Structure formats: structure tokens, C-alpha cells
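One structure is given below, encoded as C-alpha cells.
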Amino acid sequence: METKTSSSLTLNEEKDLRESLKRCSQETVDAAIAYRKYGEYEPVPTIVVGIIERYLEPEVRDKIKDCTEETRLYEDFGIDSLTMVETVMLVEETLNISIPNEDLRELRTVGDVKTFIDCKIRGIPVPRKPRRIPVEEVAAAMPHQDPFLFLREVTLSENEAEASYRISGSEFFLEGHFKDDPVFPGSLMLEALGQLAVFYLVKSDHAGLEGNVDHKKVLANSCDGIRFHRICRPDDTLDMKIKVKRIRAPLATFEGSISCNGERVAIAEEITLAFAFEE
Amino acid sequence: MRRVVVSGIGFVTSIGNDQPTVLANLRNLRHGIELFPDFASEKIPVKVVGTIKDFDTSSYDAEDWSYPSEYRLKQELLRSLSPHGLYAYCALMQAIEDAALTEDEISDVSTGLYTASGGSMSMIYRHLDLMNRKGVLRCPPKGIIASVAGTLNFNLVAHFKIRGSSSGFVSACSSSGHALGFAFNEIATGRQQRVLVVGAEDCNVESILPFAGMRLLSLSRDPDRASIPFDKNRNGFVGTGGAAAMILEDEECALLRGVDPYARFKGWGQASDGYHVAISHPEGEGLRVAMEQALKFSEVSRADIDYVNAHATSTLTGDLSEILALKEVFHNGRYRPAISSTKALTGHGISLASIMEAGFSVLTIKREFMPGSAGIEILEPEADGLNIIRETQERVAKTVMSNSSGFGGSNVSLIFEKI
């Protein structure tokens, strides 16, 4: 990434910039020149919104005035992916930055674009958006499998992961836990949280993980501060969440919680796993 | 075999951007050739072009273009078009309206779209220049789809939501003849009920001037005496661009929809010279075979041809080889169809030429006249024995042949007849 905050803008560069922005509002052009001349961050959102506006069809152009951070570029403004590339390219050229292709796919709302550009020019990392990982990908990444995998779709964020597990009632252990009275075992709730933590270690790009964690080499180390608040039965859905407390190889510690229909089910203040990287 | 008819046509040509204007200019032999401002420089020896009126696509920036107000294109679409993409869109809109096709009929698996163009030299040049100046990742993202051969079908298939067969044809000056021919095959064999066909070319410095290097362009400064096919003193062709569109349709299907077709597309033939990359065969061998094939597959006798819209572009060797081919096919004057080249009026439209002239041919049939071959002062002596008409004749042409020949010696002959 190139960042440019110096006040160098040659006459020719200014001419090219004005030419490239000729279909943008005067406000946008002025903001762009102020940014390039004096490295001021304040006008950047104006520039970004002004460039998005330039690529909108006249009949939707008015919508830009009422747009919020959540306004979606594709669905609400009707721009297609190539137009999105055109938009980003003009932003790149105007702000003198480069945006990698893989980052483009993440930009879906006006807010995404503003945040992304803001982080880029300030040279700070862009917060990662949660990723939804489908069950097939989860199953492929895990050392566990049915009938002992308690994860389905997982949502992976920067410092946490969430997953849900619906108790079907046909789980083999419910036959005996308890006889004629199926209750999901508390020990397996801890197991499920542990599995979510394993998945986080394998898939996350957390800064504390300098290599790829070998999924065959993650083992339970300790659990502390465990409390159960209610029991869960078939047809209940366990909403699980783990949050990183610290990761320092070879140990990773998480805080875990489970709820069901918004009610607190279980809490583990610390779940610690031991892990090793792939060789 | 299913019968095929022409149920709609559309034009953006040097002699008019709508059917009534084109018809009037064809009948009255008014040409569309002018001194071209972009050729004003003294360094450029070529001076005239068959210009497209009421369109301004001279800017490299598509959003600066102007075009007749009856059309309305989204900026997003414009940015992925080259000048000839805009012409093609407008011609196709006319043809669709003319054939009274609904959006549902167009976006149906039984409807295809074939296109012909050589791509846009000016857009390719512009985009590569930007790539070189601004860097590879700052190339306009729509640069490719707006410029390379294929730009017409990429854009039009997506825009009109075509779901049937689609393809682009590149065989130089016979391209749109091939597009029509293969569209005919799709319908005749029942694979499609209708195919929209459009041929188009840019009309600017980059699309026309490179032909000067081959010494193929007329250097005449007089718009009235530049494109003079079959004249003894012809000295090269006059470039033009624009677009022509045609809706080909299964006859039964068209009649069920209640349209009144222009003509029946009887059949077509093609053959290649196997001779030279750019010069036509001296005896017109490939074109002769193409005409024979067209007659054979259309089940039409040479005696039945009333009018031939010749390819004749006003070059020395090209016109001569077509004259010799026509003499062979029509048995040295034993059969005497009226012959003319409408390129005297329009100039030569490269990929667009064949479908533009096919459009003129079906107008000829429907409106019952035969346009004369304008601009002939002294007839090429070799043409003696052929019935080259110099004035428009107000009589019925029941069966019409339209010829096209392109680089590499590709030749197409199309046959239309009155319904």
C-alpha cells in the first residue's frame, strides 16, 4: 500500500486529477485537491461519496443524499461489479492508493467503502468483517466428525466465533442421558465450546498465530469458572460463542458462553487449548 | 426445412438513421458522403467518408457522446460500448420495434442474437494507451468488453437478456453476411424461432484510415466523385460505419404474430477464393461459387434473379473480379438481372456492409423499386453485357441477390424473394 500525505501535487498532476474527476461535483474536486495538496483526512469521506455518486445513473443519483453507512452499493444503488471496479479505480487514482482485488469483494456498503479507505490512508489495519463459513467447510477443517461434531455454520470474526447447534433428539448419548429423559450433557456443552475454539484456531488469522495451526494437534488443556444455568433438551438450539482472551503458542485461552432463546445456558470463564503449528 | 422471413429492419447509416430516410435516399440516389473534418490535416491524403449524422461519438469518453433523443441508454451501458456499439443498439431498437417484438419474445430460449463487427480500433488504442500511462491495474475495467471484436454480442446479449443462441462473426467485409447466413440455418433447421442480427462498425479515423496504407481508399476530394463502383475511373473505396439490424423469423411464427414481413430469406451460399490475404481472385472465382451455391440452396434458377445488389466497393481489382463472376453466373448476358452497387451512396461499411445491403435488398422487394448504381460516368468496359442500371427503376424485383466479399477471399451471397 502506498500512502501519500505529502503536499506535492504538480500542475500536471492537478490537471490529470481534474480531468479524471470532471464528472464529479465541484465539492468533490475541491476536496480531492485539498487532500492531495495538504494531506487532509477530513475531506476523504466527501471524496469517496462524490465518486460513488458520479457512477450512479441519473435516476438514482438523488438517493446519495439520504444514504447511510448501511446503504448497499449493489442492491440499493443498482451498480454492478464492473461499475464498482470503476468506482474504486477512480478512488485509487484520486487518493493515490492501491486497493487489492481481494479487499474489493468485502466492500458492499457505503460504510464499508468509507471505513476501508479511511483505514488505508491512515495506514491502520481495516477491521475484518465477520465471515460466515458453511457447514461443509467447517466439517472439512475439523478433526472431529459425526456423531461427535457439534458445529454447523460458523461465523468467524476478528476475535471471536459464533455457531449454533440444534439438538435433534437422535444423538446416540441421549438414549442413556438420561433413561427416558433426554437432556443434553453439560460436559458436551463444554466439548461443543471447545470444538468452536479449535475451529477458531484452525481458521482465524489472529495476529498471535504465526503459522497454520495443525488441526490434529489441538488438545484440551484446562477449563475454569464453569457454571450451568439451565438444561437443554431435543429441539433446543445452543447458541455458542467463544472470545479470545489470549493466544501465545503453544496455549490459547478463550472465554465461552452458550445461550438458548436468549436465556443463559452455560458459561466457561476460561477454556485453554494447547496447539502446535503445521510443520 | 422451415421457411425464414425478414420481419424487421433498422438502420444507422450514412444515408439515414431511420427507414423512411434510407428509402428516400436509395430511391433518389442521394449519397451520404462528405468531407470528413477529422481528415482535414494536410498529412492525410484521404478526405471523404460516408458520415453518420446526428451522432457524435468523436470523444474517447462515451459519456460525452450525443445521439438522437428517441434513444435512451444508461451511462453504465454507454461506458461498455464502442461507437459502433451505440449505432448497433439504435439499429437493433428500430428493428425490434419494426418487428413488434415484446421483451418476453426477445428474452426467450427460442430467440438468438448474432452480431458482426471488427471490434473498435479506437477503443483498443485508447485503452492500451491508458494502461501504458496509468498502469495495468488502472486500465478501464470495461476496456475489453467495449473494444475487442465481440463487443457487440457481449453487450447486446446481456442488455436484451438474450437466452437463445448467440455468437459474433468476423470475416471482414462478409462478416454480417455470415451472421445472416448462420442465423438462417438456425431457423431453417428449427433450432431457433427467430434470430436478431446486427452488423456495425465505427466511423472514425482509426476504423477507416488504416485502409489507406493498403492503397484501398479513394483519395478523391470530391464527395460526389469518390465512391463510383463500376466506373472506369474508380480509384478506391470510401469508408463508412454505422449499423444495420435485421430480425429473421420462422415464417409461420411471424405470420402467427400478425406481422407483415419484408421478404422471404430464401437461402444463401458461401465460398472462399483460396488465393490471397487481401486481393480478390482475379476472375472472382470464390464469389462465383458463392452465388452458385446460393442459387442451389435457395432452389432458385438464375433466370429468376431480378436484381443483384453487388458488393462492388469502387476498387479497381475488386469490382473487376465481381464483374467477371457475375458474367459467369449469368451466362455472359444470357440472363440480365438489374445490377447496382449501393456503395456509391453509402461508402463501404466493412463488417456492416452485407447486412446493410441485405436491408436495402428487402426494402427493394417490399417497396417495389430497384436503386440505380450512382456515380457512373464511363462504365467499366469489362462490364459490357451486364445490365448495370444507372437510374432507379420503379418496378417489382421478385427475387434479389446480395453479394459480399471480404479479406482472405471470403464470399457470401444471399437470396431474398417477395412473399
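All conditions but one from (1) within 18 Å of A:Pro143 (Cβ to Cβ); (2) in contact with a strand residue (DSSP E or B) (Cβ under 8 Å, 6 or more places away or on another chain); (3) among the aliphatic types (A, V, I, L, M) apply to A:Leu188; the one that does not is (2). For region B:48-99, taking the residues that are of a type in the set (Val, Ile, Thr) and under 30 Å from B:Asp224 (Cβ atoms), the one that is nearest to the other protein chains (Cβ to nearest Cβ) is identified as B:Thr57.
Taking region B:200-233 as the range and being closer than 18 Å to B:Thr315 by Cβ and assigned to a strand (DSSP E or B) as the test, the residues that pass are B:Glu201, B:Leu217, B:Asp231. Residues of region B:252-309 that are within 17 Å of B:Leu180 (Cβ to Cβ) and part of a loop (DSSP other than H, G, I, E, B): B:Pro261, B:Tyr262, B:Val300.
Pull up region A:18-55, narrow it to residues that are of a type in the set (Ser, Thr, Tyr) and touching a Ser or Thr at 6+ places or on another chain (Cβ under 6 Å), then point me to the one that is farthest from A:Cys119 (Cα to Cα).
A:Tyr55
With respect to (1) β-branched (Val, Ile, Thr); (2) within 23 Å of the chain's Cα centre (by Cα); (3) surrounded by fewer than 21 Cβ atoms within 10 Å (Cβ to Cβ), the lone exception for B:Ile378 is condition (2).
Quick one: in region B:333-354, of everything that is outside any helix (DSSP H, G or I) and β-branched (Val, Ile, Thr), which residue is farthest from the chain's Cα centre (by Cα)?
Checking each candidate, the answer is B:Ile339.
For A:Ala252, are the conditions met, namely being more than 18 Å from A:Ser164 (Cβ to Cβ), aliphatic (A, V, I, L, M) and not in a helix (DSSP H, G or I)? It is true that A:Ala252 is more than 18 Å from A:Ser164 (Cβ to Cβ), aliphatic (A, V, I, L, M) and not in a helix (DSSP H, G or I). The condition (being at pLDDT 85 or above and farther than 21 Å from A:Val49 by Cα) is satisfied by just one residue among A:Val88, A:Val110, A:Val135: A:Val135. Across region B:100-125, the qualifying residues are those that are among the acidic types (Asp, Glu) and not in a loop (DSSP other than H, G, I, E, B), and the one among them that is nearest to the other protein chains (Cβ to nearest Cβ) is B:Glu103.
Scanning region A:96-114 for residues that are within 13 Å of chain B (Cβ to nearest Cβ) and touching a residue at least 40 places away in the same chain (Cβ under 8 Å) returns A:Asn96, A:Ile97, A:Ser98. For region B:272-324, a residue qualifies if it is surrounded by fewer than 21 Cβ atoms within 10 Å (Cβ to Cβ), in contact with a helix residue (DSSP H, G or I) (Cβ under 8 Å, 6 or more places away or on another chain) and at positive phi, and exactly one does: B:Gly274.
Can you tell me which residue within region A:68-84, out of those that are buried (at least 20 other Cβ atoms within 10 Å of the Cβ) and assigned to a helix (DSSP H, G or I), is farthest from the other protein chains (Cβ to nearest Cβ)? In this case the residue turns out to be A:Met84.
The values are calculated or read from the model by the stated rules, or taken from the named source; none is laboratory data. Everything numeric here is computed off the predicted structure, so don't read it as measured data. Note that each Cβ is placed from the backbone with ideal geometry, even for glycine, and that neighbours are counted across all protein chains shown.
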